[in-house]
Amino acid sequence: MKSPTPSLAAAARPVSSSLARLQQSMVLMAFAVAGAWLCWMGPRSAAWAAAGVGAVFLGYAVILAVEMVAAAMVNRHDAAPRANAAQWMAAWRQEVRVAPLVFAWRQPFCWRQLPDSAEGRASQRAVVLVHGFVCNRGFWLPWMKRLRALNVPYVSLNLEPIFGSIDEYVPLMDAAVARATALTGLAPTLICHSMGGLAARAWLASSPGAASRIDKVITIGTPHRGTWLARFSHLNNGRQMRHDCDWQQDLLSRELLLHAERNADRFVCWYSNTDNIVFPASTATLPGSDNRLVAGAPHVALAFHPRVMNESLAMVASGPSSPSERTAS
């Protein structure tokens, strides 16, 4: 193992996350509202007291159901295989279970756990973990545990400002890639969820030499060609994820200017036909890339799907890719 330099050791310790503070406030506010409602309504009506508390803590499940219905309707006209009702119901149950773990526990309260690697082996590429919209490095805790078990060094980052332009994340990406390369001397692999894949592409398109600094890019549920749902966003990075918006077209132009095939051969794109955030489903694919369909997985849970994790980690740990299962883009 390399001896950690002071700069790498310092970088391994996460410093701050404005998203964590925001989500901590939201969780505490939810408990305060539920507690106040329970105290006020409890003596009057146990049924109404329970209903109010349920609305506070389970209201997100209704939102997820609406997203699933919208995705199912939009996907009817998509090239990806259509999911049946049982798959959509199973996907909803998965997301109802996983979402609170991510947004109400790991990201607000556990994001400092498992610091980035401070040293690495010259024979093992490092990984750069790039989270998506309204997330921080806490999103990746299950991956960090697996990477540590495999003795694979990793670097993570918090994409901030939270609601800024995706282009503002380019310097953060550049610094993360530099830190990962310094660990082993080898070009790292990028593993990106959702908007993180667009941040990686924006970084690759920012400099002629960027592509030579990485091995491959693994994206999970990334809106490579935008998402129908983004039409309702008025946030900077939300608007940039609209289907075929000006920013998406400009990104494509910058990519093609640097590389005729926009480095598509470096990408492995995981996508699902029950993604409740990125749809139509095929918008999470890139033409010419290794596009891998995972049927029946919702957006957040897709990142922790056993097949996604096992095959992606196999690519990283052993070098050669697992057998490709290309699908039409």
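The values are calculated or read from the model by the stated rules, or taken from the named source; none is laboratory data. As the structure is a prediction and not an experimental result, all values here were calculated from the model. Heads up, the Cβs are rebuilt from the backbone with ideal geometry, glycines too, and the neighbour counts pull from every protein chain shown.
Checking GLN124 against (1) modelled with pLDDT of 95 or more; (2) at negative phi: exactly one of these is not met. Which one?
For GLN124, the exception is condition (1).
Considering only region 244-263, I want to know if a residue exists there that is in contact with a Phe, Trp or Tyr (Cβ under 7 Å, 6 or more places away or on another chain), modelled with pLDDT of 95 or more and surrounded by 16 or more Cβ atoms within 10 Å (Cβ to Cβ). It would help to see each step written out before you state the result.
Going residue by residue through region 244-263, those that are in contact with a Phe, Trp or Tyr (Cβ under 7 Å, 6 or more places away or on another chain) are none.
Looking through region 244-263, none of the residues is in contact with a Phe, Trp or Tyr (Cβ under 7 Å, 6 or more places away or on another chain), modelled with pLDDT of 95 or more and surrounded by 16 or more Cβ atoms within 10 Å (Cβ to Cβ).
Among the residues of region 61-78, are any of a type outside the set (Val, Ile, Thr) and touching a strand residue (DSSP E or B) at 6+ places or on another chain (Cβ under 7 Å)? Steps first, answer last, please.
From region 61-78, those of a type outside the set (Val, Ile, Thr) are 61, 64-65, 67-68, 70-73, 75-78; that's our starting set.
Next, from what is left, pick out any that are touching a strand residue (DSSP E or B) at 6+ places or on another chain (Cβ under 7 Å): none.
Within region 61-78 (the criterion being of a type outside the set (Val, Ile, Thr) and touching a strand residue (DSSP E or B) at 6+ places or on another chain (Cβ under 7 Å)), the answer is no, since none of the residues qualifies.
Just to be sure, is ARG292 buried (at least 20 other Cβ atoms within 10 Å of the Cβ), basic (Lys, Arg) and touching a strand residue (DSSP E or B) at 6+ places or on another chain (Cβ under 7 Å)? Talk me through it step by step, then tell me what you get.
On the way: buried (at least 20 other Cβ atoms within 10 Å of the Cβ): yes; basic (Lys, Arg): yes; touching a strand residue (DSSP E or B) at 6+ places or on another chain (Cβ under 7 Å): yes.
Answer is yes for this residue.
List the pairs whose first member sits in region 66-80 and is over 13 Å from SER272 (Cβ atoms), whose second member is modelled with pLDDT under 95, and whose Cβ atoms are under 6 Å apart, counting only residues at least 6 apart or on separate chains?
Listed by first residue and then by second, the contacts come to nothing, as the list is empty.
Residues are listed down the side, and each one gets a yes or a no for (1) at pLDDT 95 or above; (2) surrounded by fewer than 23 Cβ atoms within 10 Å (Cβ to Cβ); (3) of a type in the set (A, V, I, L, M):
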| position | (1), (2), (3) |
| --- | --- |
| SER165 | yes, yes, no |
| PRO171 | yes, yes, no |
| ALA178 | yes, yes, yes |
| LEU183 | yes, no, yes |
| ALA187 | yes, yes, yes |
| ALA200 | yes, no, yes |
| TRP203 | yes, no, no |
| GLY209 | no, yes, no |
| LYS216 | yes, yes, no |
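Is it the case that some residue within region 86-104 is more than 18 Å from PHE304 (Cα to Cα) and of a type outside the set (A, V, I, L, M)?
Looking through region 86-104, none of the residues is more than 18 Å from PHE304 (Cα to Cα) and of a type outside the set (A, V, I, L, M).
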